[in-house]
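**Q** Please find one structure pasted underneath; my questions will follow.
The values are calculated or read from the model by the stated rules, or taken from the named source; none is laboratory data. Computed from a predicted model, the values in this text were never measured in an experiment. Positions of Cβ are backbone-derived with ideal geometry, glycine not excepted, and every protein chain shown enters the neighbour counts. Protein only, heavy atoms only, side chains kept; ligands, DNA and RNA dropped before computing areas. Shrake-Rupley method; radii C 1.70, N 1.55, O 1.52, S 1.80 Å.
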Amino acid sequence: MILIDGKKIAAELREELKKEVSELKTKHNTVPGLTVILVGEDPASKIYVKNKEKFAKEVGMNSEALRYPADLEEKTLLNKIEELNKDNNVSGILVQLPLPKHIDKRKVIETIDHRKDVDGFHPMNVGNLSSGYDSSIPCTPLGCSLLLKKVEKNLSGKHAVVIGRSNLNGKPMTQLLLKENCTVTITHSKTKDLKAECLRADIIIAAVGIPELVKGDWVKKGAIVIDVGINKTEKGIVGDVAFDEVSKVAGALTPVPGGVGPMTIACLLSNTVECFKKTQSK
Ligand code: NAP
C-alpha cells in the first residue's frame, strides 16, 4: 500500500512556488499578495489564518491578515473587500469561513472580485469550473486532485465515488474528476447503500465529517482512497476513513493528519500565484 505523504508533497509544492515567486519578482518587480480576513474569535479559524499568513510569507509573498471583532458590521466588511478589489498590491482575497450569523456569506463571496477569489467560491469561478473553463479551484479538492495524480497519472475511465456534496469539497471534486475523464458517482446523506457504491470504486474521496465512516470491507482491493475528513475524537484527530482497516485493502491511502490537510494551504498559495499572473498579463 502506498501511503500518500501530503506533508512532503505540500512541502515540495511550496518549494516550487518559492522559486516561481522569486522569478515573478525579477520579472515584474513585485510579488503576489494574499489578504486573509478573519471576523470573530473561532479558535480553529484563528489557527488556519495564522498558518496561511506564515506559509505565504515563507514562499516570499506579501501577506496580511485583517482581524475584526465578531460584531463587525456587514457593510464595513463589504466596503473593505471593495477597497481590496481595487488594490493592485492584493492578488488574492480570502474571507475565512464560517462568518458570524449576522453577515451574509453569499453577499461577501460575491463582493470579492472573481479574479482575486483564491478560494474559488465566487459563482463566476464555480460556473467556469463546471463548464470546464479556466477558473480558481477550491483549495482542498485541488489538493486532493494533485495527490491523486501523484499515485496515478492517468485517471481516464476510472470509477470515482465522492462521498459528500458540499460546495467546498464534494461538488468541485466531482468537476475535477470529470475533467480527468473519470466516471463519477456523487453520494450524500440520502444515498441508499453507500457501502455498495464504495465497493465499485477505483477511487474514493471521503469528504463527510463522520469519524471513520468508510470501513475496510467498503473498499475494493487496490483502490485509491483520499480522506478529506478532519474529526476531533477522544483518540485525537481522525479522518472519515477507518485508516487501520482500509490500509489493509487500499492500493494507496492518505493519512489524517498529514494527507489532504497540508495540501490545502499549499494550493491556496498556488491559487494566489495564478491570480497574480493573470492580473500581470492583462
Ligand atoms: P459538509 O458541508 O458538512 O458536507 C458533508 C457532506 O457529507 C454533505 O454533502 C452530507 O450530505 C454528506 N453526508 C453526511 N452524512 C453522510 C452519510 N452518512 N453518508 C454519506 N454522506 C453523508 O462538510 P465539508 O465542509 O465538505 O467537510 C467534510 C469534512 O472535510 C469535514 O470533516 C471537514 O472538517 C473536512 N475538511 C477538511 C479540509 C482539509 O483541508 N483537509 C478542508 C475542509 C473540510 P447532505 O448533503 O445530504 O447533507
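**Q** At what distance in nm do the modelled label points of Ile210 and Thr30 sit from each other, each positioned 7 Å from its Cα along Cα→Cβ?
**A** The two pseudo-label positions are separated by 4.9 nm.
**Q** Write out the GluC sites (Glu not before Pro) in the range 7-67 meeting two conditions: DSSP loop, and at most 14 other Cβ atoms within 10 Å of their Cβ.
**A** Details: sites: Glu12, Glu15, Glu16, Glu20, Glu23, Glu41, Glu53, Glu58, Glu64; in loops: Glu41.
In loop regions of the range 7-67 (DSSP not H, G, I, E or B), the sparsely surrounded GluC sites (Glu not before Pro) are Glu41.
**Q** Percentage of Cα-Cα pair distances in the range 139-261 greater than 21 Å, rounded to whole percent? Show your work: numbers first, answer last.
**A** Numbers: 2101 of 7503 pairs.
Counting every Cα pair in the range 139-261, those more than 21 Å apart make up 28 percent.
**Q** A further question follows. What span do the alpha-carbon atoms of the range 29-113 cover on each of the three principal axes, reported in whole Å from largest to smallest?
**A** Taking the Cα atoms of the range 29-113, the three principal extents are 40, 29, 17 Å.
**Q** Work out, step by step, the length gained on full extension between Lys8 and Ala70: first 0.36 nm times the residue separation, then minus their alpha carbon distance; give nm to one decimal. Please report the intermediate quantities before stating the final value.
**A** Values: separation 62, 0.36 × 62 = 22.32 nm, distance 3.58 nm.
Working it through step by step, the gained length comes to 18.7 nm.
**Q** If the reach is capped at under 20 angstrom between alpha carbons, list the lysines near Lys179, excluding any in the same chain fewer than eight residues apart.
**A** Lys149, Lys150, Lys153, Lys158, Lys171
**Q** In addition: Once Rh for the range 1-149 is found with the Kirkwood sum over Cα pairs, what is the Stokes-Einstein diffusion coefficient at 4 °C and 1.567 mPa s, in µm²/s?
**A** Working: Rh = 16.6 Å.
Stokes-Einstein gives a translational diffusion coefficient of 78 µm²/s.
**Q** Give me the percent of DSSP beta bridges within the chain that run antiparallel, rounded to the nearest 5. Don't skip to the answer; put the middle values down first.
**A** On the way: 3 of 33 bridges.
If I count the DSSP bridges inside the chain, around 10 percent turn out antiparallel.
**Q** Continuing with this model, one more query. Using 0.36 nm per residue, how much length does the chain from Glu23 to Asp217 gain when fully extended, once their Cα-Cα distance is taken away?
**A** Values: separation 194, 0.36 × 194 = 69.84 nm, distance 4.88 nm.
That pair, Glu23 and Asp217, stretches by 65.0 nm at full extension.
**Q** Quick check: the angle from helix 170-179's long axis to the longest principal axis of the chain, C-alpha only, nearest 10 degrees?
**A** That helix lies at roughly 80 degrees to the long axis.
**Q** For the chain, which cysteines have no disulfide-compatible partner, meaning no other cysteine Cβ under 4.7 Å?
**A** Cys144, Cys182, Cys198, Cys275
**Q** Could I ask something else about it? At 222 nm, what helix-only mean residue ellipticity would the chain give, in deg cm²/dmol to the nearest 500, using -39500 (n - 2.57) for each DSSP H run of four or more? All intermediate terms of the calculation are to be shown ahead of the outcome.
**A** Numbers: 10 runs with 122 residues, N = 282.
After summing the helix terms and dividing by the residues of the chain, the value is -13500 deg cm²/dmol.
**Q** Here's a follow-up. How large is the accessible surface per residue of the range 139-261, computed with a 1.4 Å probe and reported in Å² as a whole number? Mind dumping the intermediate values first?
**A** Details: 5680 Å² over 123 residues.
Accessible area per residue: 46 Å².
**Q** Mind listing the phi-derived Karplus ³J(HN,Hα) values for the range 26-33, rounded to whole Hz, using 6.51, -1.76 and 1.60 with θ = phi - 60°, and x for any glycine or proline?
**A** With the stated coefficients, the range 26-33 comes to 5, 6, 10, 6, 7, 10, x, x Hz.
**Q** Over the chain, consider all pairs of different Cα atoms and compute the Kirkwood hydrodynamic radius from their mean reciprocal separation; express it in Å, one decimal. Intermediate values should be presented prior to the final figure.
**A** Values: mean 1/r = 0.0513 Å⁻¹.
After inverting the pairwise mean of 1/r, the radius is 19.5 Å.
**Q** Turning to a different aspect of this structure: Hey, what do the phi angles of the range 3-14 turn into as Karplus ³J(HN,Hα) couplings, whole Hz, using 6.51/-1.76/1.60 and θ = phi - 60°, x for Gly and Pro?
**A** 8, 7, 8, x, 5, 5, 5, 5, 5, 5, 5, 5
**Q** Tell me, how many Å apart are the Cα centres for the range 83-107 and for the range 143-186?
**A** Their Cα centres are 28 Å away from one another.
**Q** Quick one: with all protein chains in place, what share of the accessible area of the range 129-282 is carbon or sulfur, to the nearest percent (1.4 Å probe)?
**A** Numbers: 3600 of 6940 Å².
Taking all protein chains in place, the range 129-282 shows 52 percent carbon and sulfur surface.
**Q** Restricting to DSSP loop positions (anything but H, G, I, E, B) with no more than 10 other Cβ atoms inside 10 Å of their own Cβ, which trypsin sites (Lys or Arg not before Pro) remain in the range 126-207? Mind showing how you got there, number by number?
**A** Values: sites: Lys149, Lys150, Lys153, Lys158, Arg165, Lys179, Lys190, Lys192, Lys195, Arg200; in loops: Lys153, Lys158, Arg165, Lys190, Lys192, Arg200.
Those that pass, being in a loop and sparsely packed, are Lys153, Lys190, Lys192.
**Q** Work out the count of Lys pairs in the range 188-282 where the Cα-Cα distance is under 18 Å, with the pair 8 or more places apart or on different chains.
**A** Value for the range 188-282: 9.
**Q** Please give the Cα centre distance for the range 245-282 versus the range 50-79, rounded to the nearest Å.
**A** 21 Å
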